[in-house]
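Below is one structure, written out as structure tokens; the observations come after it.
The values are calculated or read from the model by the stated rules, or taken from the named source; none is laboratory data. Please read these numbers as outputs of a predicted model, since none were measured by experiment. Heads up, the Cβs are rebuilt from the backbone with ideal geometry, glycines too, and the neighbour counts pull from every protein chain shown. With ligands, DNA and RNA removed, areas are computed over all heavy atoms of the protein, side chains included. Shrake-Rupley method; radii C 1.70, N 1.55, O 1.52, S 1.80 Å.
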Amino acid sequence: MSNIVAIVGRPNVGKSTLFNRLTQTRHAIVSDEAGTTRDRQYGKCDWQGREFSVIDTGGWVVNSDDIFEVQNGVTDLDEEVAAILRRTKKPVILVTNKMDNNETWLAAEFYALGLGDPVGISAATGSGTGDLLDLVLSKFPKQGEELPEENIPRFAVVGRPNVGKSSIINAFIGEDRHIVTDIAGTTRDSIYTRYEKFGFDFYLVDTAGIRKKSKVSEDLEFYSVMRSIRAIENSDVCILMLDATRGIEAQDLNIFQLIQKNQKSLVVVVNKWDLVEDKTQRVMDTFIDAIRDRMAPFTDFPIIFGSALTKQRIFKVLETAAATYENRRRKVSTHRLNEEMLPLIEAYPPPSMKGKYIKIKYCSQVPDTHVPTFVFYANLPQYVKEPYRRFLENKIRERWNFNGTPINVFIRQK
């Protein structure tokens, strides 16, 4: 089950610097100019063997970890945010940033915010971040509290607002509510709905349990992102909804990138197809080409045109999601893999580098992995570049059906 930490605070307090340090990346732009981060950044942090998600927000939101800055002290905006945070039921960690000069006495005034003991750090130098991460882990649910693992697929319906997610979920479930069972996970935001009819058996990862609290001012866009991330991380197959009347927008691509980062299988559903006047094959092919072009290089996924409102091709969506899940679990025997791939590699070997010839003599599929993972053993793996690795992946896809699911291809020393 996923855990999410949101880094929030007023502008220019070091949110992006801390994000980059926790995720060990440089994805977030760091600048002294307030408001540099316009879009929310998403990444992963691994601390003491536990992985969790980190979001760098463009502005402050509630129900999240919050950061203030020691150098400037407490401002009116800090007090406004703190008043909202005190009313939330989410765990809150008060972090005082930019303590580069060991000016711990400056942090004392933050006790007045009523958010507990401030944790002093320097996001720029890393000072104090280890203690912060230890505290963050202590706030997460115990691992033993997670939903029991079952050999049942988990499908998540994701997409930008008003694309038809609720409509398609209602179409899946129908009126026979007694057939499904709601099972709450450790996250208070996600609900697992067991679906057992028409020969299907899967969990529907639903985030409809979140409702706007009338007494708390909330950033609804932020919660939409949070729900999407939770649903994606807690699923095996993501059903990505697109709006046929609006085409592909930036937010669609952002959600697609989240699916890719988490290596989840994918089924794309072009919803509201009933509202499109010209439903010819030419228009459909144009739409398909645009989707694959925008989502390249990963293009081996099914695309379904339908309508949640009229229930057009709804059964096809479930069939395709179930088939994609089976592709995700597909195993190729070592004998068959070598029988198919080695002659191909001999005919089209990796390009030589620095006068040295690269030889791949053996390959196998790694067992017990979340996504299909293949290892090719070479004498000089460091000289095998990304284009050839992608060539191997494409040839695997041509020979075995991994439609809709990501594939990992690694080159190792033989």
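What to note about this one:
- Among residues of the stretch 285-303 that are free of Cβ contacts under 8 Å to residues at least 60 places away in the same chain, those with a Cβ under 6 angstrom from a residue that is open to solvent by 50 Å² or more (accessible area, probe 1.4 Å) and not in a helix (DSSP H, G or I), sequence gap 6+ or separate chain, pair up as ARG292/THR299.
- The stretch 106-132 - residue that is open to solvent by 40 Å² or more (accessible area, probe 1.4 Å) and in contact with a helix residue (DSSP H, G or I) (Cβ under 7 Å, 6 or more places away or on another chain) and, of those, modelled with the lowest pLDDT: GLY114
- Scanning the stretch 314-332 for residues that are part of a loop (DSSP other than H, G, I, E, B) and free of Cβ contacts under 8 Å to residues at least 24 places away in the same chain gives a single hit, ARG329.
- Strands (runs of 3 or more DSSP E) fully within the stretch 174-279 that include at least 1 residues being at pLDDT below 65 and open to solvent by 10 Å² or more (accessible area, probe 1.4 Å): 181-184, 191-197, 200-206.
- Where a residue in the stretch 72-98 is closer than 18 Å to ASN3 by Cβ and its partner, wherever it lies, is outside any helix (DSSP H, G or I) and at pLDDT below 80, with Cβ under 6 Å and at least six apart: THR88/VAL62; THR88/ASN63; LYS90/ASN63; VAL92/LEU115; ILE93/ASP65; VAL95/ILE67
- Residues satisfying the stated conditions in the stretch 1-40, i.e. assigned to a strand (DSSP E or B), in contact with an Asp or Glu (Cβ under 7 Å, 6 or more places away or on another chain) and either modelled with pLDDT of 80 or more or over 23 Å from ILE84 (Cα atoms) (or both): VAL5, ALA6, ILE7
- Among the residues of the stretch 397-407, those identified as touching a residue at least 40 places away in the same chain (Cβ under 8 Å) and under 18 Å from GLU340 (Cβ atoms) are ARG397, ARG399, TRP400, ASN401, PHE402, ASN403.
- Subset of the stretch 152-164 that is part of a loop (DSSP other than H, G, I, E, B) and at pLDDT 80 or above - its residue that is surrounded by the most Cβ atoms within 10 Å (Cβ to Cβ): VAL163
- Residue among LYS331, LYS356 that is in contact with a Leu (Cβ under 8 Å, 6 or more places away or on another chain) and either open to solvent by 20 Å² or more (accessible area, probe 1.4 Å) or at pLDDT below 95 (or both): LYS356
- Qualifying residue in the stretch 375-392 (condition: in contact with a Leu (Cβ under 8 Å, 6 or more places away or on another chain) and at pLDDT 95 or above): yes
- Some residue of the stretch 297-307 being assigned to a helix (DSSP H, G or I), touching a strand residue (DSSP E or B) at 6+ places or on another chain (Cβ under 9 Å) and open to solvent by less than 40 Å² (accessible area, probe 1.4 Å): no
- If you check VAL92, VAL136 for being among the hydrophobic types (A, V, I, L, M, F, W, C), outside any helix (DSSP H, G or I) and at pLDDT 75 or above, only one passes: VAL92.
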